[in-house]
């Protein structure tokens, strides 16, 4: 490029940087105007069907309810094969654990020990269980299964109905033994 395009006294290195910047800016403008057209914006009805995020304080929990008696039947048909008939002894992670291990270095991973907040159980199970059919349980069925699991962990009374209000107010026994932000190790001591 002829030197007269740059003011007198501009070094070749500075001119090269300016040219490269102009090139990349023009390429990004071209790219922005020629999007590949993949996908589309979902309409309001489609957005309404998407699963909402459930927060630890219970925001996002859907309406509905279920009790442990209904949950026992659903659990037996969909969950027991992997997690055992009473939440222990199956090939998958146990759901009912030993709470005496709450504050130990290697706590049990049952629901009463491993989950600091009950509402997040709803979202996890909805999105992940059963593994071959996630999102297949209705909200009432899911509340029923959670009621059964909470009953097996002695966190609610037998036959108690579970809904958003119950899950939001339930204090999990190991909540205060979780730390956020870092993991303590023996290194550096």
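Computed values, structure above
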quantity: Within the stretch 71-107, considering residues that are at positive phi and out of contact with any helix residue (DSSP H, G or I) (no Cβ under 6 Å at 6 or more places or on another chain), the one modelled with the lowest pLDDT; calculated: 89
quantity: Selected residue (criterion: nearest to the chain's Cα centre (by Cα)) from residues of the stretch 89-119 that are without any contact (Cβ under 8 Å) to a residue 12 or more places away in the chain and farther than 14 Å from residue 173 by Cα; calculated: 92
quantity: Residue match in the stretch 152-163 (condition: surrounded by 17 or more Cβ atoms within 10 Å (Cβ to Cβ) and assigned to a helix (DSSP H, G or I)); calculated: yes
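Residues checked against (1) in contact with a strand residue (DSSP E or B) (Cβ under 6 Å, 6 or more places away or on another chain); (2) in a helix (DSSP H, G or I); (3) assigned by TED's automatic domain parsing to the domain that holds residue 53; (4) surrounded by 14 or more Cβ atoms within 10 Å (Cβ to Cβ):
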position: 77; (1), (2), (3), (4): no, yes, yes, no
position: 82; (1), (2), (3), (4): no, yes, yes, yes
position: 95; (1), (2), (3), (4): no, no, yes, yes
position: 122; (1), (2), (3), (4): no, yes, yes, yes
position: 132; (1), (2), (3), (4): no, no, yes, no
position: 142; (1), (2), (3), (4): no, yes, yes, yes
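The values are calculated or read from the model by the stated rules, or taken from the named source; none is laboratory data. Computed from a predicted model, the values in this text were never measured in an experiment. All Cβ positions, glycine included, derive from the backbone under ideal geometry; neighbour counts span all protein chains shown.
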